[in-house]
Amino acid sequence: MLGKENENVLRLPSDAFNYDPDLFNCAKKSVETKSLLPILKDEIKSKIQAKRLSQGLEELKVEFESKPQSPLTEEELEKQNHRKLHNRVSAKKCRYKKKIFYSRKQQELHELEKRNQQLKNTINRIETEKDYYMSKLASSPEIMNICTELYGEPLDILCEIKSDNVLNH
């Protein structure tokens, strides 16, 4: 039992606190930026150094510092301002096109809703007419007798069956 408990205990090597300060700084920077890039750069640098040393070359001193920005020339400033102006114009044009696109879509939606309502009104009108004519036919005993003789069923039942068949197709 005591042996199993010792297997789960994390043991540090005797030189656990003798770490490379550059690697520690890279790890710290990696945690701060939430990126593995600093550690990867340090690893590549270490591999290059190891290869150089194995070939008998001297150690290479590399520092990753960004060079200070020099002031822009008049031409560069003009180019930068031109790009900014062009970007502003392009953004304005894009916003205008987007506005036109959405206004057209709104107009199209309004027209389709209007057309849909017109079609619904037409359907209601036609159904009302159908009901009117069906009631006229049903009130005529001669027509009811003829339909019963021909089809074996009264006219109103036949019309319901036929209209259901038309709607299902």
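Being modelled with pLDDT of 95 or more and either open to solvent by 100 Å² or more (accessible area, probe 1.4 Å) or under 35 Å from the mean Cα position of the chain (by Cα) (or both) is the requirement here; does LYS4 meet it? No; evaluated as a whole, the condition is false for this residue. When LEU53 is tested against the conditions (1) under 41 Å from the mean Cα position of the chain (by Cα); (2) modelled with pLDDT of 85 or more, the lone failure is (1).
Screening the candidates LYS105, LYS99 for the property of being open to solvent by 100 Å² or more (accessible area, probe 1.4 Å), part of a helix (DSSP H, G or I), without any contact (Cβ under 8 Å) to a residue 12 or more places away in the chain and more than 30 Å from LEU23 (Cβ to Cβ) yields one hit, LYS99.
Among the residues of this structure, SER66 does not count as one that is closer than 30 Å to ILE44 by Cα, modelled with pLDDT of 80 or more and out of contact with any Pro (no Cβ under 7 Å at 6 or more places or on another chain).
All conditions in (1) surrounded by 10 or more Cβ atoms within 10 Å (Cβ to Cβ); (2) under 29 Å from the mean Cα position of the chain (by Cα) hold for LYS34, with the sole exception of (1).
The values are calculated or read from the model by the stated rules, or taken from the named source; none is laboratory data. None of these values were measured; they are calculated from a predicted model. Because the Cβ atoms are built from the backbone with ideal geometry, glycine has one as well, and the counts that use them run over all protein chains shown. In case anyone asks, the SASA skips ligands and DNA or RNA and just uses the protein heavy atoms, side chains included. Shrake-Rupley method; radii C 1.70, N 1.55, O 1.52, S 1.80 Å.
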